[in-house]
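A.B. asks: Encoded as structure tokens, here's the structure I'll be asking about.
The values are calculated or read from the model by the stated rules, or taken from the named source; none is laboratory data. Computed from a prediction, not measured in an experiment: that's the story for all the values here. Backbone-built Cβ (ideal geometry, glycine too); neighbour counts: all protein chains shown. In case anyone asks, the SASA skips ligands and DNA or RNA and just uses the protein heavy atoms, side chains included. Shrake-Rupley method; radii C 1.70, N 1.55, O 1.52, S 1.80 Å.
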Amino acid sequence: MTTVRQYRDTDAAAWDAFVRQHAEATFFHRIGWREVYEHVFAHRTHYLLAERDGQVTGVLPLVELKSLLFGHSLVSLPFALYGGVAAADAATGAELTRCAVELARSLKVQHLEMRNSVVREPGWQRQGLYVTFRKRLLPDAQANLLAIPRKQRAMVRKAMGRGLTDQIDDRVDCFFDLYADNQHRHGTPPQSRRYFEALKRTFGDDCEVLTVLGPDGRAVSSVMSFYFRDEVLPYYAGDLPAARDLAANDFKYWSLMRRACERGLQVFDFGRSKRDTGSFDFKHNWGFEPTDLQYEYFLLGRESVPQNNPSNPRYQKAIALWRRLPRVVVNAVGPALARHLG
């Protein structure tokens, strides 16, 4: 018989051991995220662990979000590309889902959200807003360069010819300045510097910052990436407006790909994007094919799937206003808003 219970602090090693070896688990299932959610964002977590005969057979990390602006929800997982159930068998997966629904009812949330890669609950509502881009790396760095479509490869070579260089940063300071500047230009509240420091501290070498320097040695583009098993996932990024003319972003992702290849990694996960956006086109131009993400919703106190994203027309005036605010204001106020966006 499979039993499901709440996570205990003594379960950390067993939880992460299961996550490391199970094909459905992702970097976002790692137990370190629980500390980040609780200590950085002050969100209440509900991590469910399934056992059979004393062995872990499944995990389901859940985070409760409560906001006057965006409602009350239970999500697996906020701020994450992937989430949902990771289970050794169908029976365990079904029991974890049943317990999550029961928990959602008891908490009186408006909806339960599972960020799945595949359809798991055909009867639930789904949001087809996002796609992900994943591609297997070739074992040779030069072969990966030649595999980039011709026009995009020309941009990488253009950047190489302009004297750009890359470096790995131990701190998040330079990255954060570029990230915050980028968020401001897009009218999006930034996460706090404290959040990125917590990610580096929690995940160590599996959370890496790569920064691109211009010909004058000035930082122009940067990316924070996550490493999990044989994969690399560039997740948070930032740049200066000058990065476009320098092709610094092309150089940045090529440098990350080259380094991943040299480390023997096998998968480059370019992350999620919304269709019909510049981000979608950029990744597609690199030869990556989109795969639909299946974000599934069990609705309780609402009639439709929430649309808390910048594509929602109701947020356009707020985005325009945010762009006009001084950087010092958005950096101070932004994290208080971003912590609820999920």
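A.B. asks: Being in contact with a strand residue (DSSP E or B) (Cβ under 8 Å, 6 or more places away or on another chain), part of a strand (DSSP E or B), at negative phi and not β-branched (Val, Ile, Thr) is the requirement here; does TYR253 meet it?
C.D. replies: It is false that TYR253 is in contact with a strand residue (DSSP E or B) (Cβ under 8 Å, 6 or more places away or on another chain), part of a strand (DSSP E or B), at negative phi and not β-branched (Val, Ile, Thr).
A.B. asks: Next up: Going residue by residue through the stretch 211-227, is there one that turns out to be assigned to a helix (DSSP H, G or I) and of a type in the set (A, V, I, L, M)?
C.D. replies: No, there is no match, as no residue in the stretch 211-227 is assigned to a helix (DSSP H, G or I) and of a type in the set (A, V, I, L, M).
A.B. asks: List pairs: first residue in the stretch 43-56 and on the phi < 0 side of the Ramachandran plot, second residue among the aromatic types (Phe, Trp, Tyr) and open to solvent by 20 Å² or more (accessible area, probe 1.4 Å) anywhere in the structure, Cβ distance under 6 angstrom, at least six positions apart or on different chains.
C.D. replies: TYR47/TYR7; LEU49/TYR7
A.B. asks: Same structure again: In the stretch 279-288, is there at least one residue being within 15 Å of the chain's Cα centre (by Cα) and without any contact (Cβ under 8 Å) to a residue 24 or more places away in the chain?
C.D. replies: yes
A.B. asks: Taking the options ARG244, ARG201, ARG258, name whichever one is basic (Lys, Arg), open to solvent by 30 Å² or more (accessible area, probe 1.4 Å) and at pLDDT below 95.
C.D. replies: The unique qualifying residue is ARG244.
A.B. asks: Six or more apart or on different chains, Cβ under 9 Å: which pairs go from a residue in the stretch 289-304 that's in contact (Cβ under 8 Å) with a residue 24 or more places away in the chain and aliphatic (A, V, I, L, M) to one that's part of a strand (DSSP E or B) and open to solvent by 40 Å² or more (accessible area, probe 1.4 Å)? Could you list them?
C.D. replies: These pairs meet every condition: LEU293/ARG272; LEU299/GLN125.
A.B. asks: Would you check which residues across the stretch 102-140 are surrounded by fewer than 16 Cβ atoms within 10 Å (Cβ to Cβ) and in a helix (DSSP H, G or I) and list them?
C.D. replies: Within the stretch 102-140, GLU102, ARG105, SER106 meet the criteria.
A.B. asks: If you go through the stretch 292-300 one residue at a time, do you hit one that is at pLDDT 85 or above, within 22 Å of LEU112 (Cβ to Cβ), touching a Phe, Trp or Tyr at 6+ places or on another chain (Cβ under 6 Å) and of a type in the set (D, E, K, R)?
C.D. replies: Yes, some residue in the stretch 292-300 is at pLDDT 85 or above, within 22 Å of LEU112 (Cβ to Cβ), touching a Phe, Trp or Tyr at 6+ places or on another chain (Cβ under 6 Å) and of a type in the set (D, E, K, R).
A.B. asks: Also: Go through (1) touching a residue at least 12 places away in the same chain (Cβ under 8 Å); (2) open to solvent by 10 Å² or more (accessible area, probe 1.4 Å) one by one and return the number of the condition LEU145 breaks.
C.D. replies: (2)
A.B. asks: Suppose we keep only residues that are in contact with a Leu (Cβ under 8 Å, 6 or more places away or on another chain) and open to solvent by 50 Å² or more (accessible area, probe 1.4 Å) within the stretch 154-181. Which one would you say is farthest from LYS252 (Cα to Cα)?
C.D. replies: Going through the qualifying residues, I end up with ARG162.
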